[in-house]
Amino acid sequence: PALTAEEAAEIDDALQRLSATGGSASEWIAVDTVFHATIVRSAGNPYLAAVYESIHTAALRFELDRWVELGATPSWLTAASADDRRALHAPIAEAVLRRDLQAARAAVERHHQVMQEHFAAVTSDGRP
């Protein structure tokens, strides 16, 4: 479905908030969660949004428990990687705003690839 002006503004606002985020891991997690939930809700499918939010919550809880257990913030959530994280999300927002399915798919697949790399690094060295 076409985006409403309000939905487009919400996506733009979520991306801007994400871009304005400093180096705090907790701040990043909060704005990242809002960004992804906003993108998923823009599909206009409340069931998809509910599934996404429950899966995201479970995955985040799993990762947070591990970070707390190890007493360390993952290196990919440090201020040094903030520009990379922003650059990873902008193509998703831009593609969704244009309703460009192929570009959105490519941007989300790139995001998933990077996240898999982060999680694999945590698994292989035992540290976040």
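The values are calculated or read from the model by the stated rules, or taken from the named source; none is laboratory data. Note that this is a predicted model, so its numbers are computed, not measured. Counting neighbours? That spans all protein chains shown, and the Cβs are built from the backbone with ideal geometry, glycine included. Heavy atoms of the whole protein, side chains included, go into the accessibility calculation; ligands, DNA and RNA do not. Shrake-Rupley method; radii C 1.70, N 1.55, O 1.52, S 1.80 Å.
Which Cα, out of G44, T33, G22, lies furthest along the positive dipole direction of the chain (beta carbon charges, K/R +1, D/E -1)?
Positive-most Cα among the choices belongs to G44.
Measuring with a 1.4 Å probe in the full set of protein chains, what accessible area per residue, in whole Å², belongs to the chain?
Solvent-accessible surface per residue comes out at 59 Å².
With all protein chains present and a 1.4 Å probe, how do T33, T73 order by accessible area, largest first?
T73, T33
Give, rounded to the nearest 20 debye, the magnitude of the charge dipole that the chain has about its Cα centre when Lys and Arg contribute +1 at Cβ and Asp and Glu contribute -1 at Cβ.
Charge dipole, the chain, about its Cα centre: 180 debye, nearest 20.
Estimate the FRET efficiency between A2 and R105 by the formula 1/(1 + (r/R0)^6), using the beta-carbon distance for r and 22 Å for R0, to the nearest 0.05.
For R0 = 22 Å, the calculated efficiency reads 0.75.
How many times 2.2 N^0.38 Å is the alpha carbon radius of gyration of the chain?
Expressed relative to 2.2 N^0.38 Å, the Cα Rg reads 1.08.
Would you check the accessible area of D13, probe 1.4 Å, heavy atoms only, in square angstrom rounded to 10?
The value for D13 is about 80 Å².
Ranked from the most accessible area to the least, with a 1.4 Å probe and all protein chains present, what is the order of F119, F62, F35?
Heavy-atom accessible area, descending, gives F62, F119, F35.
Report L48's accessible area, 1.4 Å probe, all protein chains in place, as a number in Å² to the nearest 10.
Spelled out: L48, probe radius 1.4 Å, area about 80 Å².
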